[in-house]
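The values are calculated or read from the model by the stated rules, or taken from the named source; none is laboratory data. What you are looking at is a predicted structure, and each value in this text was computed from that prediction instead of being measured. With ideal geometry, Cβ positions are generated from the backbone for all residues, glycine too; neighbour counts draw on all protein chains shown.
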Amino acid sequence: MMGYLKELFSKQEDSQERAQEKRKEKSQELAEVWSFYSSMKKPASQETIAAMLKEIQEIRGFISPECRALAAEAAGVKESVIDCIMKLYKSLKPAAYEHRITVCTGERCMSKEHRKQQEKRLGRLKKRLGIEGAIPPEGALSADGTVLLETRSCLKHCRTAPNMLFDGELAEDDSMPLCSKGNREA
Ligand code: FES
């Protein structure tokens, strides 16, 4: 029994050490990214900021509010500029969600002909995802945090209105499977 417990504790210590090392490595990589971009001309261009954000996302998996603030400092711009770029580049994630659903609320998609269908679609999605109330400009996370639901005023595909994107691709309906890592239907 003692031997088993000793082995268990040493395994736990090993995995804690590995996790700590990984965190340290990530922090170092982030520090390198910040020092590289901080040394560039300020204010940085949109392309440079997007490149920095992509690098941060590669390291962390998403761009947290703290990373947004530090990125703004490194680029010599306001945080609102970072927010705008995050919206423009759909691959940049503000949270560690697995899927992003974008419902168009532009003029054509909300015309007399399509409004009802689009509102019903939004309502169904909110219900499925456990989201209550209005969707804020930065989007709303599903109750389990695995899906981001957002609205945009035009997705530039007005010919096929009413439109919706699923992970950046046009999607025909909202019945797509939304399984989280735990293999749970959202
Ligand atoms: S208004 Fe919806 S795609 Fe243009």
Answer residue from the stretch 156-180, given it is within 15 Å of the chain's Cα centre (by Cα) and assigned to a loop (DSSP other than H, G, I, E, B) and is modelled with the lowest pLDDT among those = 180
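What number of residues in the stretch 102-116 are loosely packed, with under 13 Cβ neighbours inside 10 Å and not in a loop (DSSP other than H, G, I, E, B)?
Quick first cut of the stretch 102-116, residues loosely packed, with under 13 Cβ neighbours inside 10 Å only: 107, 112-113, 116.
Retained after the next criterion (residues that are not in a loop (DSSP other than H, G, I, E, B)): 116.
Of the residues in the stretch 102-116, 1 are loosely packed, with under 13 Cβ neighbours inside 10 Å and not in a loop (DSSP other than H, G, I, E, B).
Yes/no per residue for (1) within 16 Å of the ligand (Cβ to nearest atom); (2) part of a strand (DSSP E or B); (3) touching a residue at least 12 places away in the same chain (Cβ under 8 Å); (4) surrounded by fewer than 17 Cβ atoms within 10 Å (Cβ to Cβ):
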| site | (1), (2), (3), (4) |
| --- | --- |
| 100 | no, yes, yes, no |
| 133 | no, no, no, yes |
| 151 | yes, yes, yes, no |
| 154 | yes, no, yes, yes |
Any chance residue 144 is in contact (Cβ under 8 Å) with a residue 60 or more places away in the chain and not aliphatic (A, V, I, L, M) = no
Residues being surrounded by 13 or more Cβ atoms within 10 Å (Cβ to Cβ) and among the polar types (S, T, N, Q): count how many of those fall in the stretch 156-175.
-> 1
